[in-house]
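Let me begin by presenting the structure, written as structure tokens, before commenting on it.
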């Protein structure tokens, strides 16, 4: 397991520990320095779902790379989500 993934997994567990200790998502977000909506999203995920989410983030296309490539080759991309 990579250091980055280990750090993210520890953060995930810290969020859930805060919830078990009775803290609200906004309190957890302030304590950990995360966005409140991120904390809420992670609280809604099981550990298995979180690992799938982090794996899917590794392989997504990077918008900036597409734009940079398009500018170099004088091509225009229309990217829809």
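For residues that are exposed (fewer than 15 other Cβ atoms within 10 Å of the Cβ) and at negative phi, tally how many sit in the stretch 15-32.
Residues of the stretch 15-32 exposed (fewer than 15 other Cβ atoms within 10 Å of the Cβ): 17, 20-22, 24, 26, 30-32.
With at negative phi added as a condition, the list becomes 17, 20-21, 24, 26, 30-32.
Summing the residues that are exposed (fewer than 15 other Cβ atoms within 10 Å of the Cβ) and at negative phi in the stretch 15-32 gives 8.
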Check your understanding: Assuming residue 35 fulfils every condition listed in (1) touching a helix residue (DSSP H, G or I) at 6+ places or on another chain (Cβ under 7 Å); (2) at pLDDT 95 or above; (3) surrounded by 13 or more Cβ atoms within 10 Å (Cβ to Cβ) apart from one, which condition is it?
Key -> (3)
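The values are calculated or read from the model by the stated rules, or taken from the named source; none is laboratory data. Note that the structure is predicted; figures quoted are calculated from it, not measured. Positions of Cβ are backbone-derived with ideal geometry, glycine not excepted, and every protein chain shown enters the neighbour counts.
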